[in-house]
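Written out below as structure tokens is the structure these notes cover.
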Amino acid sequence: MRIGVFVCHCGSNIAGTVDCPRVVEAARGFPHVVYATDYTYLCAESGQDLIKTAIQEYSLDRVVVSSCSPKMHEETFRRAARQAGLNPYLVEMANIREQCSWIHSDKEAATRKAIDLVRKGVFKVSRDQELFPSFFKVNKDVLVIGGGIAGIQAALDAAQGGHRVTLVEKDQTIGGNMARLDKTFPTLDCSSCILTPRMVDVAVNESIELLAYHEVEEVKGYVGNFDVKIRRKATYVDWSKCTGCEECVGKCPARIYDKFNQGLGRTKAISLPFPQAVPKKVTIKKDFCHFFLKGKCRVCEKVCQFEAINFDDQDQIIERKVGAIVVATGYEAFDPIAYLEYGFGKYKDVITSLQYERMVSASGPTMGHIKRPSDGEEPKTIVFISCVGSRDRAKGRSYCSVACCMAMAKQAILTKEHIPDSTSYLFYIDIRAGGKGYEEFVDRAREEYGAQYVRGRVSKIYQKGKKLVVKGTDTLLGMPIEIEADLVVLAVGIAPPQDAPELAQKLNISYDQYGFFVESHPKLRPVETNTTGVFLAGACQAPMDIPASVAQGSAAAAKALGLLAKDELEASPIVASVEIKRCVGCFKCEAVCPFSAIQRQELRDGIMVSNVISTVCKGCGLCGVACPTGAIKVNGFTDEQILAEMEALLL
Amino acid sequence: MDISNTLDQKNGIKIVAFLCNWCSYGGADAAGTARLKQPPQVRIIRIPCSGWINPLYPLKAFNEGADGVLISGCHPGDCHYAEGNYYARRRLEVLGHFLPFMGIDPQRFRYSWISATEAQEWQALITEFTEKIRELGPIKKHVEVS
């Protein structure tokens, strides 16, 4: 056995804390090590060439690269080894950057630790076996979850790439939060005017199967071969007959909370969310329908000329097989009820920015007239408060919601256009206008539209007659400030949907403490997840505005297309395998396997043993621990290897 | 703050941590990327899943002189392999109760859940656990069994 050890300086990232030449010196003394060297940047082309040359020159048959996390560059160094003619699975990494040099300041301790970690790598690699990937067929269809602008973009792009797309939307229409907006910054484009053509594109695209009012129930399988169960929620309306004429809506006696309009105004128990809905079909909300509650009414049934009403409708589960999944479940507006000092819910004239958006919109409940919810009068003094549910540790929301500063500036402009003699005061912490044309837009709001920016937080809002007194501090003047406002608009932050963790668990992807889905790498793999074949788009991953969501939708589609361009995919050989001689056929492995990757196989007459379907196995190793005879091992993480690693560390 | 201690180095206090590839190893990496200082006595072994931990590993580690053993995986419900950490939780809980019979102080053994984004939680955990092991001192390698 001839092992080569390569120690990376990573500039000063490692060499600043770890004495690399000393690590090399120590490595030369480890068993089977015939060559060891250090280099400034091993991941650079020259560094990789150094490894390749050494493999050939010194006939190395095992390599330990001691540098950053394997999550960063394992692929890079495996590829380099393969190019030099070495089986890529004979490469191990010692993580002396993220887990050593970056977290220690004592050079002596860090160097000792680095030596231990390299020894661990050497001990492990000497027990590595050559491994060869297997190949499996790929289903070419794509599932997109969420029909907001990011999901729409991903679906259209994937369809354009020649794939059949299933777009699942939990609401009865696609369009998402963008459909709620009146205008978009920084161009003041009408939101529906740019969104609804895209929604129609989805509806008419023959490659896209639009499943509105559906939810993903279960996801099984793996990249290239996902089996998805989707719940069709009962609509109580036969959509193949409904034309969206809204005859029934006018006659329905049950007036209910209007989710689309964020509670401004009321809608009916049978309704369309908004006139341009796609698909333009009504649904009955069972919990509010008089017939379901009291057993009589059925007015909609009587007025429907198309006999589309079906009170016996039931939820149904449908199944689809897809090769890749794009998750674009978007966001919900932060619920400002937690800010007791702002009195949201207590004072009618304190509203959220999304409610204000519906108010300004010509298709909204007030037909685009800005009115105080309390008395319907036109407000003249309007106060906007930023960072409600953003940048606020006390409320458990440390992150910046990215879009609200700009949305607030836009709303100040729109307010001035609607009510020329109005004054807008905008309380802010910082103005975050980092985007193309954004800073200029804020300048316009200030200079052309007279938006009054006040730097500081609001401490209290209280009623005084018909007015709301907004108390705060102007931190630039260092003085308290009180404004008597007619209307207060809270620029609420972007929060992940409540059920985001539930979906993450169905998809086996990670989510952070807020519920945003976690990407594979924050910089280099922004739309991929740790589950191969599942991609992220839009605000489900992090707060982002429309241009970023659209870009991510396209990026996720491009990633899916790249994956599905191949007819066969390579399955990692880091999977379980059974040593048939030791298998006693107890099938404990079969019982614990989460992926049904264990097959019973008849060895000879009546003698059954386990067999691992290597393309289905994900290499978690549960079977190996359950096996009473030690017949199952996971390649690359065998008991022998882990015990050797331990031995190396504890010498 | 310099958390290292030359006395520890001399006494060779060593903690072996088994971290699952998907959550906790990522969390430890994230802590590194954020330059969160940690005690240098910890040595991490990467494993696919906390459910992959055979109770043999921590026992063997103690036997070979580890002064503390930490196992960490994804939070229950968030396992990359759907349910591996449920098996781990049950198995490791039993193991913890079993340790005194082997003459091992159960305080030297810990299992936890750290996600790939919980860098600070990882730093806090490993700092506190190392402090605990430091208090307990080096493990006695051979225990006389009467």
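The values are calculated or read from the model by the stated rules, or taken from the named source; none is laboratory data. Not measured: the values here are computed from a predicted model. Here the Cβ is made from the backbone with ideal geometry for all residues, glycine too, and neighbour counts use every protein chain on show.
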Just the residues that are within 11 Å of residue A:646 (Cα to Cα) and surrounded by 24 or more Cβ atoms within 10 Å (Cβ to Cβ), please, taken from the range B:58-68.
B:58, B:61, B:66
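Regarding residue A:577, is this residue farther than 20 Å from residue A:228 by Cβ and in a strand (DSSP E or B)?
It is true that residue A:577 is farther than 20 Å from residue A:228 by Cβ and in a strand (DSSP E or B).
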Close pairs (6 angstrom Cβ cut-off, 6 or more residues apart or separate chains): surrounded by 21 or more Cβ atoms within 10 Å (Cβ to Cβ) in the range A:528-553, at pLDDT below 95 and assigned to a helix (DSSP H, G or I) anywhere:
A:534/A:507
In the range A:439-466, what residues are in a strand (DSSP E or B), surrounded by fewer than 16 Cβ atoms within 10 Å (Cβ to Cβ) and charged (D, E, K, R)?
A:460, A:464
For the range A:544-554, check the following and say yes or no: at least one residue is within 28 Å of residue A:435 (Cα to Cα) and within 14 Å of chain B (Cβ to nearest Cβ).
no
Count, please, the residues in the range A:172-195 that happen to be buried (at least 20 other Cβ atoms within 10 Å of the Cβ) and on the phi < 0 side of the Ramachandran plot.
16
Can you tell me how many residues within the range A:628-651 are buried (at least 23 other Cβ atoms within 10 Å of the Cβ) and more than 10 Å from chain B (Cβ to nearest Cβ)?
1
Residue among A:250, A:244, A:265 that is surrounded by fewer than 19 Cβ atoms within 10 Å (Cβ to Cβ) and over 18 Å from residue A:173 (Cβ atoms)
A:250
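So which of B:107, B:120 ends up being without any contact (Cβ under 8 Å) to a residue 40 or more places away in the chain, of a type in the set (S, T, N, Q) and more than 10 Å from chain A (Cβ to nearest Cβ)?
B:107
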Looking only at the range A:580-601, how many residues end up being buried (at least 21 other Cβ atoms within 10 Å of the Cβ) and either more than 14 Å from chain B (Cβ to nearest Cβ) or assigned to a strand (DSSP E or B) (or both)?
2
How many residues are closer than 18 Å to residue B:58 by Cβ, exposed (fewer than 14 other Cβ atoms within 10 Å of the Cβ) and within 14 Å of another protein chain (Cβ to nearest Cβ) if we restrict to the range B:74-104?
2
Unique match (being crowded, with 21+ Cβ neighbours inside 10 Å, assigned to a strand (DSSP E or B) and not small (Gly, Ala, Ser)) among A:143, A:156
A:143
I'd like to verify a number: residues in the range A:602-651 that are in a strand (DSSP E or B), touching a residue at least 12 places away in the same chain (Cβ under 8 Å), over 28 Å from residue A:114 (Cβ atoms) and not polar (S, T, N, Q), how many?
7
Of residues in the range A:93-138 being within 7 Å of chain B (Cβ to nearest Cβ) and in a loop (DSSP other than H, G, I, E, B), the one nearest to residue A:38 (Cα to Cα):
A:102
I'd like to verify a number: residues in the range A:195-211 that are in contact with a Ser or Thr (Cβ under 7 Å, 6 or more places away or on another chain) and closer than 25 Å to residue A:333 by Cα, how many?
1
Failed item in (1) more than 7 Å from every other protein chain (Cβ to nearest Cβ); (2) under 12 Å from the mean Cα position of the chain (by Cα); (3) not in a helix (DSSP H, G or I), with residue B:44 passing the rest:
(1)
